[in-house]
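Okay, so here's the structure we're looking at.
What follows draws every value from the coordinates through simple rules; no lab data is involved. Everything numeric here is computed off the predicted structure, so don't read it as measured data. Because the Cβ atoms are built from the backbone with ideal geometry, glycine has one as well, and the counts that use them run over all protein chains shown.
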Amino acid sequence: MKIALLLFLLLIMVSGILTAQELLPIRPHNQWASFMGSLKSCSDYLGFGYSSAWINGVTGHAFLLNMHPVVCPSGPVAFEHDFILANAESLGLSFTSIKAHKTNPEFKELQKEAFDATQKALADNKPVFGWELNIPEYYLIIGTDDNGYLYYDFDGSVGHKPWDELGESDIGLLTIYIVSSLEREPDRREQVHTALDFFNDYHTNPEQYAYEGYTQGSRGYDVWIEALSEDKADPWGLAYNTQVWRAERINGLNFLEEIKSVLGDKDNYEDLDIAINEYRMVVNKLSEISGFYPFPPQKDKISEADVNQTVPLLRAARDSEIRGIEAVTRFRSHFNRVK
């Protein structure tokens with residue numbers, strides 16, 4: 001990666017398009033959920049030592065499920081991410097967001113505002129990430145030149161996006177996040193409170209976080225099952241959703257286990273241990289399914305045999321997750337009583 005980056009810099013320096021701004025020396029941390037991978041990279045760069053599981057767990061992302069009726073590949077990204085940013089404040093992170101849709105009459109001005117703000121943030125040593133600098137995912141922005149953004153692509157190469165093309169896709173969303181540190185010292189026990197309170201809120205009413213046409217929470221399994229059973233599942237989306245939600249349940253399982261090491265011996269972990277066992281079964285079932293549907297997908301059509309082997313595993317994962325949700329909720333009730 002370093003050799004490729006040096007060659008890229010040499011090329012653009014020779015061509016005369018590079019400004020004096022240096023590239024931010026931030027390490028990309030790729031995850032199936034690119035928003036969370038970007039967040040992990042920014043957190044690391046700002047000096048926080050959180051694991052991926054801890055970040056995904058505290059923000060609540062590790063326990064999300066967002067499903068479209070045809071298991072569309074948009075499921076893992078098609079929801080409002082503001083609650084993740086709000087929960088991440090307990091991690092010591094602060095965000096400045098610049099968002100616009102290309103139908104906005106002032107869209108051109110907002111494109112320039114986003115570019116100027118990104119240049120200033122990077123000059124101030126603040127990490128930045130944004131939406132759809134290439135495909136519809138989130139990318140770390142590591143620098144700028146006179147014409148646009150320099151970003152890390154998922155293969156480790158450095159890509160370039162003209163600033164006046166950001167948000168001009170069919171989706172039409174311009175989204176930039178500038179990340180900085182809050183001045184207060186993060187408290188791990190408060191982070192557990194944040195995670196458990198959001199967990200309870202989310203699973204009490206997951207539809208409050210859903211876009212029209214999508215289903216959030218454990219009911220997403222039923223939509224997933226129905227799409228397969230009625231031959232509606234998109235093969236590309238099926239492979240992608242399977243990998244993303246499996247990865248998130250691994251983060252969720254690891255987060256629940258990490259709670260015990262963070263809190264120490266003063267808490268009662270009976271219900272938490274039940275939740276850990278249930279989420280371990282969820283991970284096992286989704287891992288088995290992920291073996292059927294690697295990404296990129298290798299099948300253009302979902303066969304009857306695929307459905308017959310997948311649906312029972314999804315039902316088992318759903319039932320384990322529901323029991324896990326109940327156990328985490330009980331643990332939260334106990335945890336809130338402990339001073």
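Worth a mention:
- Close amide-amide hydrogen proximity is noted between residue 93 and 182, each under 5 Å apart and 5 or more residues distant or on a separate chain (H modeled in the peptide plane; Pro and chain starts excluded).
- Largest first, the three principal axis extents of the alpha carbons in segment 124-256 are 51, 45, 27 Å in whole numbers.
- Among 329, 242, 103: highest mean-square fluctuation, GNM of the chain, C-alpha pairs under 10 Å: 103
- Separation of alpha-carbon centers, segment 277-302 and segment 192-236, rounded to whole Å: 17 Å
- Mean residue ellipticity, 222 nm, helices only, the chain: the sum of -39500 (n - 2.57) across DSSP H runs of n ≥ 4, divided by residue count and rounded to 500, is -17000 deg cm²/dmol.
- Among 146, 153, 187, sorting on how many other beta-carbon atoms sit within 10 Å of each Cβ, with the fewest leading, yields 146, 187, 153.
- Here is the list for segment 142-209: GluC sites (Glu not before Pro) lying in DSSP coil, each with at most 12 other C-beta atoms within 10 angstrom of its C-beta, are 183.
- For segment 2-181: relative contact order, % (alpha-carbon pairs under 8 angstrom, 6 or more apart): 27 percent
- Stokes-Einstein D (µm²/s) once Rh is taken as the Kirkwood radius of segment 183-306 over alpha-carbon pairs, at 37 °C in 0.692 mPa s: 196 µm²/s
- Separation of the residue 173 and residue 22 label points, Cα + 7 Å toward Cβ, nm: 3.4 nm
- Footprinting exposure proxy for 263, 314 (fewest neighbouring C-beta atoms within 10 Å first): 263, 314
- Rg and Dmax of segment 298-339, Cα atoms only, in Å: 17.8, 55
- Dipole in debye (nearest 20) - segment 2-181, about Cα centre, beta carbon charges: Lys, Arg +1; Asp, Glu -1: 400 debye
- Over 21 Å between alpha carbons, listed pairs 260/285; 40/108; 40/299; 161/299; 112/161: 260/285; 40/108; 40/299; 161/299
- Share of Cα-Cα pairs in segment 65-188 lying beyond 23 Å, as whole percent: 36 percent
- Relative contact order of the chain, defined on C-alpha pairs under 8 angstrom at six or more residues apart (%): 22 percent
- Structural descriptor for segment 110-240: relative contact order 17 percent, calculated from alpha carbon pairs under 8 angstrom and at least 6 residues apart.
- Bins of 10 Å, starting at 0 and running to the largest distance - Cα pair percent for the chain: 5, 24, 30, 25, 13, 3, 0
- Degrees, to the nearest 10: 107-123 long Cα axis against longest axis of the chain: 90 degrees
- Order of 45, 50 - criterion: other Cβ atoms within 10 Å of each residue's Cβ, fewest first: 45, 50
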